[in-house]
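First up is the structure itself, then whatever we jot down about it.
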Amino acid sequence: MIEILNQQKRYDIDTARLQDLLAGLLRAYGMPDAEVTLALINDAPMRALNRRFMTKDASTDVLSFPIRDLGPDGKYYLGDIIISVPYAARQSRPQGHPLQRELEFLVIHGLLHLKGYEHFEGLEEEEETVRARWLEESHEL
């Protein structure tokens, strides 16, 4: 099951596209029944999470919290992806693409971290491949 919590109200987000992206990624990685939560939040709560868990006193675009374990209900819980939507909006402007695409790229990045990919250890290469495949499959905005 994929749960999306849109806790920000400023930006209009197509959460159905994010749901489809996550479902497709889980299928592609052989985990169609994995539990994942995606939270879309504002900068202040993201800053608090980043300070608490990463010891960085600033907001950031995405944080991933892997669980990778069976829950008490017997379901496999992969983990949580947290995205600061205002941060993503600021980040998308110089990239020249819409906020929705930036959010999709951050979902990909976050899910790869949940899968165990790390920076400079295959994450960037896998992320590039997955992004290209997502855009190629008629998901252009």
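The values are calculated or read from the model by the stated rules, or taken from the named source; none is laboratory data. Everything quoted here is computed from the prediction, not taken from an experiment. In this analysis, Cβ positions are derived from the backbone assuming ideal geometry, glycine residues included, and neighbour counts consider all displayed protein chains. Protein only, heavy atoms only, side chains kept; ligands, DNA and RNA dropped before computing areas. Shrake-Rupley method; radii C 1.70, N 1.55, O 1.52, S 1.80 Å.
For this structure, a couple of remarks:
- Cβ pairs under 9 Å, 6+ apart, first in the stretch 66-83 and hydroxyl-bearing (Ser, Thr, Tyr), second in a loop (DSSP other than H, G, I, E, B) and open to solvent by less than 80 Å² (accessible area, probe 1.4 Å): TYR76/MET31; TYR76/ALA34; TYR77/ALA34; TYR77/GLY71
- In the stretch 1-27, residue nearest to ALA132 (Cα to Cα) [restricted to those that are surrounded by fewer than 13 Cβ atoms within 10 Å (Cβ to Cβ) and free of Cβ contacts under 8 Å to residues at least 12 places away in the same chain]: ARG27
- Total residues in the stretch 76-125, condition in contact with a helix residue (DSSP H, G or I) (Cβ under 8 Å, 6 or more places away or on another chain), of a type outside the set (A, V, I, L, M, F, W, C), within 20 Å of GLY24 (Cβ to Cβ) and part of a helix (DSSP H, G or I): 6
- Look at (1) in a helix (DSSP H, G or I); (2) closer than 16 Å to LEU5 by Cβ and you find that ARG51 fails only one, number (2).
- Note on the stretch 46-64: among residues that are aliphatic (A, V, I, L, M) and open to solvent by less than 30 Å² (accessible area, probe 1.4 Å), the one that is farthest from the chain's Cα centre (by Cα) is MET46.
- Note on the stretch 101-130: residues that are charged (D, E, K, R) and at pLDDT 90 or above total 4.
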